[in-house]
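The next block holds one structure in the form of structure tokens; read it before the comments.
The values are calculated or read from the model by the stated rules, or taken from the named source; none is laboratory data. Here the structure is a predicted model, which is why all the values come from computation and not from measurement. Please note: Cβ atoms are built from the backbone with ideal geometry, for glycine as well, and neighbour counts cover all protein chains shown. Just so you know, the surface numbers come from the protein's heavy atoms only, side chains and all, with ligands and any DNA or RNA stripped out. Shrake-Rupley method; radii C 1.70, N 1.55, O 1.52, S 1.80 Å.
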Amino acid sequence: MGKLPPAVSALYLRRNAPFANRLSAWARRGAVLAGSTALALGVGACGLAKRINHPTSADAANVYVNSGPITYQVQISRALNPYSTEDAQYLAGIPKAQTIPPTQMWFAVFVWAKNQSGHPQTTSGQFTITDSSGRVYRAWPLNAQVNQYAWAPERLAADDTEPAPDTTASYGPTQGGLVLFRLSTAVYSNRPLTLNIYSPQQSKPTTVALDL
């Protein structure tokens with residue numbers, strides 16, 4: 001195939017950018033996790049416990065974090081529009097979700113996790129958001145039997161993931177489980193927001209900076 005003219009090439013890149021970005025994200029995830037697995041196998045060969053050395057605070061250089069024995073990644077975080085067709089699905093099971101006051105908003109954090117510890121482990125069921133003023137928001141309770149995107153603590157075998165393959169959440173646009181918050185719109189003046197992931201194995205929560 002010959003080289004595309006510059007104008008055609010630019011148009012092709014613009015049209016295919018979302019798909020290319022998703023492929024790039026998958027490639028980064030595969031590379032990071034493959035490297036982590038190789039590291040863990042090397043440590044295990046020395047007779048030590050299997051442990052993945054991810055940080056407990058995410059920044060631009062650290063896509064993955066550990067909270068206890070589980071590796072987490074925030075896929076995306078954003079405000080929800082309860083009147084949109086897509087976002088209404090994320091609010092399934094919440095009575096009168098569209099009648100939220102104008103001073104409040106629904107905010108979704110889509111989370112992915114993998115158990116790389118080498119032993120069965122349970123994912124976190126406790127999340128909070130802290131704004132720059134120090135105000136703490138707790139995750140809104142969701143019924144996972146009604147809302148197929150809802151995050152819930154799960155017992156994962158070695159190398160299993162949450163959301164599990166072939167689930168609604170894993171096939172969804174974000175490929176993450178939904179942790180939902182009801183925030184004050186004042187957070188727009190109190191950025192940045194920080195997601196806190198709690199684990200019984202840690203005295204302090206793992207933190208991830210969130211987009212808003």
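Table: residues versus (1) surrounded by 13 or more Cβ atoms within 10 Å (Cβ to Cβ); (2) more than 29 Å from Ser132 (Cβ to Cβ).
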| site | (1), (2) |
| --- | --- |
| Thr161 | yes, yes |
| Ala164 | no, yes |
| Ser184 | yes, no |
| Asn190 | yes, no |
| Leu193 | yes, no |
| Tyr198 | yes, no |
Practice item. Give the stretch 121-138 a look and list any residue that's buried (at least 20 other Cβ atoms within 10 Å of the Cβ), touching a Leu at 6+ places or on another chain (Cβ under 9 Å) and within 19 Å of Thr56 (Cβ to Cβ), or say none. Key: Gln121, Thr123, Phe127, Ile129
Study note, to complete from the structure: Taking the stretch 141-155 and keeping residues open to solvent by 80 Å² or more (accessible area, probe 1.4 Å) and either touching a helix residue (DSSP H, G or I) at 6+ places or on another chain (Cβ under 8 Å) or on the phi > 0 side of the Ramachandran plot (or both) leaves Gln148
**Study point:** strands (runs of 3 or more DSSP E) completely within the stretch 73-147 that count 1 or more residues being among the small types (Gly, Ala, Ser)
**Key:** 104-115
Practice item. Scan the stretch 168-182 residue by residue and report those that are assigned to a loop (DSSP other than H, G, I, E, B) and either loosely packed, with under 14 Cβ neighbours inside 10 Å or in contact with a His (Cβ under 7 Å, 6 or more places away or on another chain) (or both). Key: Pro173
Exercise for review: Find all pairs meeting these conditions: Cβ atoms under 9 angstrom apart; at least six residues apart or on different chains; first residue within the stretch 98-112 and farther than 23 Å from Thr194 by Cβ; second residue surrounded by 19 or more Cβ atoms within 10 Å (Cβ to Cβ) and at pLDDT 95 or above.
Suggested key: Gln98/Leu91
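Per-residue answers, yes or no, for (1) of a type outside the set (Gly, Ala, Ser); (2) in contact with a His (Cβ under 9 Å, 6 or more places away or on another chain); (3) within 15 Å of Val65 (Cβ to Cβ):
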site: Ile94; (1), (2), (3): yes, no, no
site: Phe107; (1), (2), (3): yes, no, no
site: Trp112; (1), (2), (3): yes, no, yes
site: His119; (1), (2), (3): yes, no, no
site: Gly125; (1), (2), (3): no, no, no
site: Thr130; (1), (2), (3): yes, no, no
site: Ser133; (1), (2), (3): no, no, no
